[in-house]
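Worksheet: the structure to be examined is printed underneath.
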Amino acid sequence: MIRLAISADGHVSEPADLWRANLPASLRDRGPRVEVHEGKISMVVENRVIRKLVEASPDMADGSLANIEGWGENDPAARLEALASDGVSGEVLYPTVAFFTAYSIEDGPLQAAVCQVYNDWLVDAFQDPRFVPVALLPAAQPDVCAKELARLAPRGVVAGLLPAHSDALPYNRPEWEVLWETAAGLGVSLSFHAGSGRHQAPVRGPGGAVTNYVVTLTGPVETATLLCAAGILERHPMLRVMMVECGAGWLAWALDAMDESYREHEMFVRPKLAELPSLYFRRQGGVTFQHDVVGVANRAMTGDRCLLWGSDYPHPEGTYPKSREILDEQFEGVAQGSIDAITWRNAVDLYGIATPEGFSADAAK
Ligand code: MN
């Protein structure tokens, strides 16, 4: 039985004029803005159209994103109402527009300022303890990411967001150490959200959509393995890492494959680790999924602790407004302790998110 559902993956809707209103004057002209291009509401940054979003209707003449269907709820109270109608009591909040916008910016200082404006808005707007606002980190500069986390931690921020891939500066480079160390020291977990850091649709033509979506779900295999095999999680035993919206079915196989590779190709393996690589992910890692019966079925191999359910509200690929039905169906026959861990307890342990009366993470583990 699903007793409580907390979503470890949701997305806010940023106000359309967020950056125009809040960036320092010297950066505002190059900063993100919403414009109509070829009849479509489009995101523009550094004077480039980076994404055409949806058809513009006449009531969007002012560039307002408020009326876009499926764009989701900006007002925290209305958002909680929508969650309640879906049987969800709280959620972890990731960006929508800010996500792909910030990571398409080429100028480091502009990216940092864009993240800062978003983070200040997010933390101010979503103070209710049923929300976990995740800080958007300026991934072009790891040292600036660390400073941003340190700036936000006193305001209660307990999680930071990075791209799923960082090809320009791979995560095993020493420049990232300052962020791993800072996050671990602050007790802030780091999330790698699927669909970022690499081209999302490399395959064109027939079969492209399905192929690209499936391949996106395998992205975390690379990043999760690297965090383990490069010794990052071993060096920072307090660092927690989450692979978000990537499904869970790949995890059991990936954990086994990283250990097999470590053992069987030992002569090429650097650095040597004190334990097999999968131990570090089991100890410090996690994944979120919306609907993944394979991931749920593989619990015997992954354990419960790595698995967190998330609705991905309000995105169309998420489970809203049928989260409870979808949860009931995929957890049928699963032990109550496992259900509780995956649908709410792991999120409470990791983020300290508020629960309704009668649900305590410490009770009856
Ligand atoms: Mn998501």
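Here are a few things to note about the model shown:
- All Cα pairs of region 137-196, percent lying beyond 18 Å: 26
- Isotropically averaged projected area of the chain, using the convex hull of Cα atoms (one quarter of hull area), nm²: 19.0
- Considering only 142, 192, 80, and ranking their Cα positions along the charge dipole of the chain that arises from unit charges at the beta-carbon of Lys, Arg, Asp and Glu, the one farthest toward the positive end is 142.
- Computed Kirkwood radius, in angstrom, where 1/r is averaged over Cα pairs of region 298-365: 13.1
- Using the Cβ-Cβ distance between residue 270 and residue 211 with R0 set to 25 Å, the FRET efficiency works out to roughly 0.15.
- Selection from 180, 160, 18, by position along the positive dipole direction of the chain (Cβ): 180
- When +1 charges are put on Lys and Arg Cβ atoms and -1 charges on Asp and Glu Cβ atoms, the dipole computed for region 94-199 relative to its Cα centre reaches about 240 debye.
- Listed residues 197, 337, 352, most fluctuating in the chain (Gaussian network, C-alpha, under 10 Å): 337
- Placing +1 on the Cβ of every Lys and Arg and -1 on the Cβ of every Asp and Glu, with no other charges, gives the chain a dipole of roughly 680 debye about its Cα centre.
- Kirkwood Rh and Cα Rg combined as Rg over Rh, evaluated for region 73-204: 0.98
- Residue with peak Gaussian network fluctuation, the chain [Cα springs, cutoff 10 Å], from 283, 345, 263: 263
- Computed on the Cα trace of region 175-313, the radius of gyration divided by the Kirkwood hydrodynamic radius gives Rg/Rh = 0.98.
- Descending semi-axes in Å of region 236-365, equivalent ellipsoid built from Cα gyration tensor: 29, 17, 13
- DSSP-defined antiparallel bridges as percent of all bridges, the chain, nearest 5: 30
- Put a plus charge on the Cβ of each Lys and Arg, a minus charge on the Cβ of each Asp and Glu, and nothing anywhere else: the dipole of region 252-325 about its Cα centre is then about 260 debye.
- Take the Cα of residue 49, step 7 Å toward its Cβ, do the same at residue 150, and the gap between the two points is 4.2 nm.
Values in this text are rule-based calculations from the coordinates and carry no lab data. The structure displayed is predicted, hence computed values, not measured ones. Here Cβ is always computed from backbone atoms with ideal geometry, including for glycine, and neighbour counts include all displayed protein chains.
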